[in-house]
1. If you go through region 207-258 one residue at a time, how many are in a strand (DSSP E or B) and either of a type outside the set (Val, Ile, Thr) or touching a strand residue (DSSP E or B) at 6+ places or on another chain (Cβ under 9 Å) (or both)?
2. Have a look at Ala523, Ala530 and point out the one that is among the small types (Gly, Ala, Ser) and surrounded by 14 or more Cβ atoms within 10 Å (Cβ to Cβ).
3. Only one of these conditions is not met by Val498: (1) more than 42 Å from the chain's Cα centre (by Cα); (2) at pLDDT 90 or above; (3) open to solvent by 20 Å² or more (accessible area, probe 1.4 Å). Which number is it?
4. Among the residues of region 29-51, is any surrounded by 14 or more Cβ atoms within 10 Å (Cβ to Cβ), under 55 Å from the mean Cα position of the chain (by Cα), at pLDDT 90 or above and not basic (Lys, Arg)?
5. Give the residues of region 348-372 that are of a type in the set (A, V, I, L, M) and open to solvent by less than 10 Å² (accessible area, probe 1.4 Å), sorted by residue number.
6. Based on what the data block shows, is Pro209 out of contact with any Pro (no Cβ under 7 Å at 6 or more places or on another chain), exposed (fewer than 14 other Cβ atoms within 10 Å of the Cβ) and within 26 Å of Leu128 (Cα to Cα)?
7. Find the residue count for region 178-206, including only residues that are under 23 Å from Glu144 (Cα atoms), among the β-branched types (Val, Ile, Thr) and crowded, with 16+ Cβ neighbours inside 10 Å.
8. Can you pull out every residue in region 373-396 that is open to solvent by 30 Å² or more (accessible area, probe 1.4 Å), farther than 20 Å from Val323 by Cα and of a type in the set (S, T, N, Q)?
Amino acid sequence: MATIDIFNWIEGHTRSVKRCMAPLLLLMVAGVYTLVYATGGIKYVYSHSMYLPILLAAIVYGAWGGVAAGLLGGFALGPYMPIDVQTGEMQETLNWLYRTGFFVLIGFLGGLFSDLVFSHLRQVNWSLRHDTPTGRRNRYALLEFLGREDRRRHGGDGPYTLVLFSLENSLELHSVYGRAVIHQVMAQLAERIAPLLVTGSGGIYRTNPHQLAVVTDISDRLERDAFIEMASLRSRKPFQLGEISLHGDVRAAHTTFQRPLAVPETFLQDAEAAFLAAGHKGRAVVAFTEEMAATARENLRILGELYEALNRGQLDLHYQPKVAIAGGAVHGVEGLLRWHHPERGLVPLDKFISRAETSTLIDLLTATALEKALVQWVQWQRQGIHVTVAVNVSTRNLLQPGFTEMVLDLLERHGVDGAALELEITEGALMVDAQRIIQKLANLAAAGIAISVDDFGTGYSALQYLNALPITGIKLDQAFIRHLPQDTRMAGIVKAMVNLAHNLEIQVVAEGVDSQAAYDFLARVGCDLAQGYHISPPLPADDFTAWFNDPRRRAGSMPSIAQPAE
């Protein structure tokens with residue numbers, strides 16, 4: 001058993017230990033007296049056995065307990081203990097008084113040392129279970145509470161609720177005001193929630209610098225929801241830093257459980273999984289579901305396998321053609337990543353790309369896509385296939401230092417002119433450091449690379465940037481195209497966007513064209529290019545080559561492929 005565990009046991013049973021120890025110490029003193037007398041008197045070494053009860057008393061009762069035991073032991077071996085039992089010779093008074101004084105000194109020093117050790121262990125024990133800046137219990141204490149098997153609660157064995165409050169803008173506050181402001185905000189948040197807790201609740205814990213965990217034993221679901229809602233409302237009020245009012249972006253996630261559990265960390269993991277979902281969904285409060293935990297585990301597994309897939313060449317590009325609506329000529333292709341997993345088979349793009357975009361893996365993915373696209377473009381040139389190739393670029397790519405240089409280096413390495421490459425960005429990219437991104441796009445456009453805005457109309461409406469951006473085209477999202485021309489409101493929106501783009505001398509591509517009716521409508525409103533399953537699904541490079549060279553396509557008699565868009 002560890003020292004701290006022994007200390008905790010003693011601390012938890014102090015009264016019992018002291019009650020039991022008193023008669024034991026008296027017996028030990030009496031036993032030493034009997035031993036000394038039976039072995040012939042004080043002149044023999046057995047008198048030193050009295051140090052055992054003295055030191056034991058000092059450990060249990062402290063300095064004054066050691067003094068009392070020293071006096072008792074000194075008196076026991078004092079005036080009534082002969083030097084030699086056989087001769088009956090008695091001790092000089094100064095002799096036994098000196099011995100008693102030495103016993104008292106040893107007891108006092110031993111007790112003083114014991115008090116210092118226990119005081120230090122008490123401080124270590126407190127620090128182990130508490131957050132020093134706020135004085136609140138910490139993650140270790142929470143897990144200890146959740147895993148304790150001998151807990152008793154009022155009102156039966158109903159469910160407990162763990163609520164996790166997280167300060168979303170902690171990094172922003174820290175960068176402006178320093179670390180101390182985070183401690184103050186968390187302390188104020190705990191003070192606001194504390195009055196809402198009922199007797200018997202598990203309390204408030206600071207589980208990490210920007211998170212608080214609250215355990216409540218409210219069994220009624222409506223009362224529990226009301227508590228969470230009230231705590232969430234209190235968390236939205238401004239926090240005070242001196243005379244300054246600060247906004248804390250606090251989100252909450254909660255999970256309900258029966259205790260105890262063999263692995264109490266599971267409770268906290270569930271709440272943290274729900275918190276991640278709250279952030280992704282943009283909600284202030286969210287309840288944990290098993291699906292959230294499964295999704296979180298799957299995302300982490302996917303990312304781990306994705307890195308290996310990049311190294312093992314499991315990712316490839318499929319190419320979907322973009323054709324001129326007037327005439328049907330193939331203008332270019334969009335390269336779309338496909339993951340051929342050895343166990344999962346073909347992993348859909350939406351299963352990994354959105355998660356990769358929030359991690360550093362997106363840089364590797366984009367570099368891989370560009371590399372493969374340019375290699376394939378060179379091969380098509382040799383086969384007489386002259387098309388541009390488009391690759392999607394994320395906001396994270398554009399903000400990455402050296403991205404422009406990486407693209408230009410790839411073009412130079414493969415001997416490809418910039419005009420052969422098109423980079424598709426989303427509208428959302430313009431909302432993050434717009435001026436910096438515009439400058440990077442201008443540098444890429446200066447090399448002849450075409451820049452287009454993907455999913456136009458579905459993100460932030462950044463019309464003010466259209467004139468400043470060096471873009472050559474916009475892509476209307478399939479959400480606008482899917483129900484054309486039956487949806488008259490969508491038809492009006494599409495027509496307006498086409499006119500707007502043409503007035504700015506920008507080319508318009510419609511993606512998700514899955515029917516002849518939509519194709520014909522786009523032709524009537526003057527849309528320039530079409531992309532979708534009505535023309536062709538994304539194809540492996542060899543299949544695209546065969547499709548491109550098919551005489552029926554060149555003659556305009558290639559059968560339509562009407563399938564749901566990806």
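1. Within region 207-258, the first condition is being in a strand (DSSP E or B), and the residues that meet it are 207-208, 211-216, 239-241, 244-246, 250-257.
Subset that is either of a type outside the set (Val, Ile, Thr) or touching a strand residue (DSSP E or B) at 6+ places or on another chain (Cβ under 9 Å) (or both): 207-208, 211-216, 239-241, 245-246, 250-257.
Residues flagged as in a strand (DSSP E or B) and either of a type outside the set (Val, Ile, Thr) or touching a strand residue (DSSP E or B) at 6+ places or on another chain (Cβ under 9 Å) (or both) within region 207-258 amount to 21.
2. On the way: Ala523 fails: surrounded by 14 or more Cβ atoms within 10 Å (Cβ to Cβ).
The match here is Ala530.
3. (3)
4. No - not one qualifying residue is present in region 29-51.
5. To start, the set of residues in region 348-372 that are of a type in the set (A, V, I, L, M) comprises 349, 353, 356, 361-362, 364-365, 367, 369-370.
The answer is Ala356, Ile362, Leu365, Ala369, Leu370.
6. Working: out of contact with any Pro (no Cβ under 7 Å at 6 or more places or on another chain): yes; exposed (fewer than 14 other Cβ atoms within 10 Å of the Cβ): no; within 26 Å of Leu128 (Cα to Cα): yes.
Criteria not met by Pro209.
7. Number of matching residues: 2.
8. Selection gives Gln379, Thr395.
The values are calculated or read from the model by the stated rules, or taken from the named source; none is laboratory data. Note that the structure is a prediction, hence the values are computed from the model and not measured. Note that each Cβ is placed from the backbone with ideal geometry, even for glycine, and that neighbours are counted across all protein chains shown. SASA here: full protein model, heavy atoms, side chains in, ligands and nucleic acids out. Shrake-Rupley method; radii C 1.70, N 1.55, O 1.52, S 1.80 Å.
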